[in-house]
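Presented below is the structure to which this report refers.
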Amino acid sequence: MRLTLGDFARSARTRLDPTVWDFFAGGAGEERTLAANVEAFDRWWLRPLVLRGAGRPETATAILGRAWDAPVAVAPLAFQTLVHPLGELATVRGTAAAARVPVVISTLAGRDIEELAAAGGGPLWLQVYCLRDRSMTRRLIERAEAAGFEALVLTVDAPHLGRRLRDVRNDFRLPPGIVPANLEGHDVGAPAAHARAEFAPDLDWSVVDWLRSVSALPILLKGILTDTDAVRAVEAGADGVVVSNHGGRQLDGVPATLDVLPEIAAAVAGRVPVLLDGGVRRGRDVLAALALGADAVLLGRPILHGLAVGAAQGVTDVLTILLDDLTDAMALAGLRTLADIGPQTVRSVAAGPPVGGSA
Ligand SMILES: Cc1cc2nc3c(=O)[nH]c(=O)nc-3n(C[C@H](O)[C@H](O)[C@H](O)COP(=O)(O)O)c2cc1C
Ligand SMILES: O=C(O)C(=O)c1ccccc1
């Protein structure tokens with residue numbers, strides 16, 4: 001019986017080729033950041049309040065003016081056709097069956113943008129890797145906008161791919177036929193080499209103006225890890241930031257996203273939504289992220305695990321488990337709505353006894 005996202009990870013591992021598993025599961029360097037993302041959530045306890053008449057908690061929220069059933073969206077994950085032939089199509093359908101929340105489609109998706117838009121799912125966002133070939137990047141964005149995608153998520157932590165030692169040791173290459181469906185003429189082969197050849201390595205803040213000139217959609221910057229850059233992003237006109245270290249796959253040695261979230265949320269000060277990804281595996285992780293200043297989280301690898309285990313149904317199951325767990329944790333913590341969640345909802349494991357005062 002699969003009751004947790006960990007159960008799905010274990011089942012997925014037995015079903016996938018070991019080198020494909022390593023590609024999904026791995027991180028850069030010594031994988032210190034990869035491990036830190038998950039461990040950070042265990043450095044916070046919850047502070048439940050009792051007798052609050054919580055009843056059945058309400059997880060609904062609104063981000064960028066759109067209603068979400070829960071503060072959990074699907075992170076951009078390249079080449080989902082590597083897990084299942086339906087790839088992103090199954091993810092879009094499976095997500096919609098669980099909740100109305102956005103799915104972020106990678107620049108390197110294995111299925112066509114138009115086909116995904118026609119799949120009858122929920123809101124779609126486009127993740128943008130700005131390529132050396134700006135006209136190709138622009139065409140991708142224009143297609144997504146024409147198909148009804150609702151936001152752009154520019155990944156700012158990947159001038160090239162981080163050094164993922166598992167992939168180096170495995171000499172990992174995408175099998176023939178696994179190609180980025182929306183980038184004409186691209187045959188990826190080894191992901192790191194492809195990214196070196198095709199990603200723009202020299203982006204600066206003017207890329208936000210460029211994106212704005214190509215599209216009317218809201219623009220979020222994914223890969224922000226400092227208050228400095230969060231302020232810069234807001235000043236540059238970003239409509240949101242995603243606190244992310246790319247699931248520990250880019251620069252090893254950067255902090256867990258949960259650890260930098262409070263300083264970033266303080267710097268942004270409510271001007272734009274703050275999203276977070278990395279290591280979210282349980283309902284209470286969502287609670288901790290919201291308590292420390294996130295408006296919503298993105299779920300990465302567990303979606304691939306669901307896809308590997310059961311295509312669209314697997315994705316539905318993974319999201320349903322997480323959202324049921326969130327509702328359960330809210331009820332037990334006395335939280336009726338997401339608005340009840342705040343700094344008073346958590347307490348640091350490291351902290352000594354509270355020094356006077358009450359929340
Ligand atoms: C296999 C894989 C592929 C990914 N592809 C992309 C991508 O195409 N674009 C991107 O911005 N992030 C990509 N990411 C990073 C995720 O969007 C996200 O930041 C990270 O996986 C979140 O951490 P989690 O997996 O611990 O939930 C990828 C991550 C994985 C594991
Ligand atoms: O693995 C990733 O994190 C990622 O973003 C990517 C980029 C290019 C090819 C394959 C994966």
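Of all residues in region 162-209, which are aliphatic (A, V, I, L, M), open to solvent by 30 Å² or more (accessible area, probe 1.4 Å) and within 14 Å of ligand 2 (Cβ to nearest atom)?
Answer for region 162-209, where residues must be aliphatic (A, V, I, L, M), open to solvent by 30 Å² or more (accessible area, probe 1.4 Å) and within 14 Å of ligand 2 (Cβ to nearest atom): Leu165, Val168, Val179, Ala181, Ala192, Ala193, Ala197.
Just to be sure I understand the filter: pairs with C-beta atoms under 7 Å, separated by 6 or more residues or on different chains, first member in region 16-35 and within 11 Å of ligand 2 (Cβ to nearest atom), second member of a type in the set (A, V, I, L, M, F, W, C). Which pairs pass?
Phe23/Phe172; Phe24/Leu304; Gly27/Leu34; Ala28/Leu251
Of all residues in region 107-132 being within 15 Å of ligand 2 (Cβ to nearest atom) and more than 22 Å from Leu82 (Cβ to Cβ), which is least open to solvent (accessible area, probe 1.4 Å)?
Among residues in region 107-132 that are within 15 Å of ligand 2 (Cβ to nearest atom) and more than 22 Å from Leu82 (Cβ to Cβ), the one least open to solvent (accessible area, probe 1.4 Å) is Cys130.
From the list Gly87, Gly94, which residue is under 25 Å from Gln313 (Cα atoms), open to solvent by less than 10 Å² (accessible area, probe 1.4 Å) and within 16 Å of ligand 2 (Cβ to nearest atom)? Working first, answer last.
Numbers: Gly94 fails: within 16 Å of ligand 2 (Cβ to nearest atom).
Sole residue among the options that is under 25 Å from Gln313 (Cα atoms), open to solvent by less than 10 Å² (accessible area, probe 1.4 Å) and within 16 Å of ligand 2 (Cβ to nearest atom): Gly87.
With closer than 25 Å to Glu30 by Cα, in contact (Cβ under 8 Å) with a residue 12 or more places away in the chain and part of a loop (DSSP other than H, G, I, E, B) as the only criterion, which of Leu251, Leu258 stands out?
Leu251
Part of a loop (DSSP other than H, G, I, E, B) and either hydroxyl-bearing (Ser, Thr, Tyr) or open to solvent by 10 Å² or more (accessible area, probe 1.4 Å) (or both): which single residue out of Gly293, Gly310 fits that description?
Going through Gly293, Gly310 in turn, just one is part of a loop (DSSP other than H, G, I, E, B) and either hydroxyl-bearing (Ser, Thr, Tyr) or open to solvent by 10 Å² or more (accessible area, probe 1.4 Å) (or both): Gly293.
Mind listing whichever residues of region 185-235 are basic (Lys, Arg) and over 16 Å from Cys130 (Cα atoms)? Before you say what the answer is, go through the steps one by one.
Of all residues in region 185-235, those basic (Lys, Arg) come to 196, 212, 222, 232.
Once the filter is applied, which keeps residues that are basic (Lys, Arg) and over 16 Å from Cys130 (Cα atoms), region 185-235 yields only Arg232.
Being assigned to a helix (DSSP H, G or I) and touching a strand residue (DSSP E or B) at 6+ places or on another chain (Cβ under 9 Å) is the filter; apply it to region 130-142 and report the residue that is nearest to Asn182 (Cα to Cα).
Looking at residues that are assigned to a helix (DSSP H, G or I) and touching a strand residue (DSSP E or B) at 6+ places or on another chain (Cβ under 9 Å), I get Leu140.
Quick one: which of Thr61, Thr81, Thr95, Thr33 is under 23 Å from Asn245 (Cα atoms) and of a type in the set (S, T, N, Q)?
On the way: Thr61 fails: under 23 Å from Asn245 (Cα atoms); Thr81 fails: under 23 Å from Asn245 (Cα atoms); Thr95 fails: under 23 Å from Asn245 (Cα atoms).
Selected residue: Thr33, the only one of Thr61, Thr81, Thr95, Thr33 that is under 23 Å from Asn245 (Cα atoms) and of a type in the set (S, T, N, Q).
Looking only at region 76-104, how many residues end up being part of a loop (DSSP other than H, G, I, E, B) and closer than 24 Å to Val286 by Cα?
Of the residues in that region, 7 qualify.
Could you tell me whether region 52-75 includes any residue that is open to solvent by less than 10 Å² (accessible area, probe 1.4 Å), part of a helix (DSSP H, G or I) and touching a residue at least 40 places away in the same chain (Cβ under 8 Å)?
So far as region 52-75 goes, no, none of its residues is open to solvent by less than 10 Å² (accessible area, probe 1.4 Å), part of a helix (DSSP H, G or I) and touching a residue at least 40 places away in the same chain (Cβ under 8 Å).
The values are calculated or read from the model by the stated rules, or taken from the named source; none is laboratory data. Remember, it's a predicted structure, so these values are computed and weren't measured experimentally. Quick reminder, even Gly has a Cβ in these numbers, built from the backbone with ideal geometry, and neighbours come from all protein chains shown. To get the accessible areas, we keep the full protein, side chains included, count just its heavy atoms, and leave off ligands, DNA and RNA. Shrake-Rupley method; radii C 1.70, N 1.55, O 1.52, S 1.80 Å.
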